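S.K.: Quick one: structure below, then a few questions.
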Amino acid sequence: MPATSPCAPRTSSTRRRAEAEPGYNARPPAAACAARGPFPPTARAAMTDHTAPPTLRDHLLSFGIRPAASGGAPQAGLTPKDAKRLAQLGKALARARPRQADVVAFYEFVSRPDIAALIHSGKADAIRATGEFVAARLAGTRILDVGCNIGYLTSWYARCRPAAEVWGIDASPSSIDVARRFATRLGLANLRYASSDGQRYQPTAAFDTLVDTQGMIDADIDPALLRRMFGWLQPEGRLLCVPALGTLARFESFLDRLDFDAVAVLSLDWLPFVAQGERGVYPALVMAHAAGASGLPRAALVDAYQRGVLDFRRGRSLA
């Protein structure tokens with residue numbers, strides 16, 4: 001199972017920068033949009049065809065995200081200058097405890113649409129697996145995607161649930177600016193974005209579904225932050241979580257941060273994918289408030305994780 005990389009959708013809770021929720025529909029200045037680079041040609045072409053609801057694969061093409069050639073490195077398409085800058089930012093992000101400024105700087109850089117298309121194409125199949133898992137479990141009329149990046153999956157959720165109000169929050173202001181531009185081009189009137197820190201985010205109303213696909217939830221999440229996230233959730237709501245917990249030690253570290261008297265883990269599934277020619281798998285959890293929900297005990301979750309890893313290594317079906 002691959003370790004978390006700087007190119008994962010999101011990896012840490014330390015990079016959230018707070019802004020108030022009001023003003024989500026403010027548009028970035030035209031000059032700022034231009035500075036963040038053009039939409040990739042595949043994105044422009046995909047966004048001009050509104051004749052039928054897209055598949056997730058077609059939707060990702062709207063962002064220029066397409067499966068990379070087997071074993072190919074997406075960074076190979078960058079200019080030498082951009083490749084050097086990406087390497088510098090990635091090195092700072094690879095530290096055991098990266099500074100908030102370094103994490104934000106990385107995601108500010110990769111928010112540029114032409115760069116984002118290359119970087120995210122390297123994990124297009126992982127994005128597909130994640131998006132399919134989440135979309136099949138969305139419920140209610142208010143949905144929040146935490147650590148939404150440039151909105152490639154947040155906008156998919158909005159397309160899948162046109163009657164719902166879908167929100168995306170992210171620490172990177174540039175990522176949010178780009179996400180808003182894509183939402184406008186895709187004509188998604190039910191989609192809202194805010195640049196916000198999970199430590200300070202204050203929604204105006206509770207959500208029916210929270211989505212965290214390597215946003216704030218990882219092996220090192222502050223239990224107080226997790227409790228705060230559950231405070232955004234309706235009593236009967238659900239948290240859909242796809243964390244990058246590639247080892248049993250990291251999974252157990254995550255479980256150690258759960259208050260099983262307050263939080264119930266309803267299910268643990270596995271999302272296999274292929275990234276740059278190599279097989280990988282993410283654990284996927286559905287969580288809820290413990291009151292009124294029957295969750296899996298810690299020992300059962302550890303056992304399920306161990307069996308899932310063994311099946312993955314043996315090439316068995318994880319369904």
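The values are calculated or read from the model by the stated rules, or taken from the named source; none is laboratory data. Just so it is clear, the structure is predicted and the values come from calculations on it, not from any experiment. FYI the Cβ positions are ideal-geometry reconstructions off the backbone, even for glycines, and counts take in every protein chain you see.
S.K.: Anything in segment 173-203 that is of a type in the set (Ser, Thr, Tyr), out of contact with any Lys or Arg (no Cβ under 7 Å at 6 or more places or on another chain) and modelled with pLDDT of 95 or more? List them, or say none.
M.R.: Those that are of a type in the set (Ser, Thr, Tyr), out of contact with any Lys or Arg (no Cβ under 7 Å at 6 or more places or on another chain) and modelled with pLDDT of 95 or more: SER175, THR184.
S.K.: Criterion first (in the same structural domain as CYS148 (by TED's automatic domain parsing), surrounded by 20 or more Cβ atoms within 10 Å (Cβ to Cβ) and among the hydrophobic types (A, V, I, L, M, F, W, C)) does VAL274 satisfy it? Give the steps one after another, and end with the answer.
M.R.: Details: in the same structural domain as CYS148 (by TED's automatic domain parsing): yes; surrounded by 20 or more Cβ atoms within 10 Å (Cβ to Cβ): no; among the hydrophobic types (A, V, I, L, M, F, W, C): yes.
When the stated conditions are applied, VAL274 does not pass them.
S.K.: Could you tell me which numbered condition ALA288 fails, if it satisfies all but one of (1) surrounded by fewer than 19 Cβ atoms within 10 Å (Cβ to Cβ); (2) touching a residue at least 40 places away in the same chain (Cβ under 8 Å)?
M.R.: Status for ALA288: all satisfied but (1).
S.K.: Can you pull out every residue in segment 221-256 that is charged (D, E, K, R), farther than 22 Å from VAL134 by Cβ and surrounded by 15 or more Cβ atoms within 10 Å (Cβ to Cβ)?
M.R.: Once the filter is applied, which keeps residues that are charged (D, E, K, R), farther than 22 Å from VAL134 by Cβ and surrounded by 15 or more Cβ atoms within 10 Å (Cβ to Cβ), segment 221-256 yields only GLU252.
S.K.: Does ARG57 count as surrounded by fewer than 18 Cβ atoms within 10 Å (Cβ to Cβ), over 15 Å from the mean Cα position of the chain (by Cα), in a helix (DSSP H, G or I) and not aromatic (Phe, Trp, Tyr)?
M.R.: yes
S.K.: Residue by residue through segment 206-227, note down the ones that are in contact (Cβ under 8 Å) with a residue 12 or more places away in the chain and over 16 Å from ALA288 (Cβ atoms).
M.R.: Those that are in contact (Cβ under 8 Å) with a residue 12 or more places away in the chain and over 16 Å from ALA288 (Cβ atoms): THR213, GLN214, GLY215, MET216, ASP218, ALA219, ASP220, ILE221, ASP222, PRO223, LEU225.
S.K.: Identify the residue in segment 262-308 that is within 22 Å of the chain's Cα centre (by Cα) and of a type in the set (Val, Ile, Thr) and, among all such residues, is nearest to ALA224 (Cα to Cα).
M.R.: Here the answer is VAL263.
S.K.: While we're on this one: Please go through (1) touching a Gly at 6+ places or on another chain (Cβ under 7 Å); (2) over 30 Å from ALA206 (Cα atoms) for ALA92 and return the number of the only condition it doesn't satisfy.
M.R.: Exception for ALA92: condition (1).
S.K.: While we're on this one: So which residues in segment 131-178 are among the hydroxyl-bearing types (Ser, Thr, Tyr), part of a helix (DSSP H, G or I) and either more than 13 Å from the chain's Cα centre (by Cα) or within 19 Å of ALA284 (Cβ to Cβ) (or both), if there are any at all?
M.R.: THR154, TYR157, SER174 - these are the residues of segment 131-178 that are among the hydroxyl-bearing types (Ser, Thr, Tyr), part of a helix (DSSP H, G or I) and either more than 13 Å from the chain's Cα centre (by Cα) or within 19 Å of ALA284 (Cβ to Cβ) (or both).
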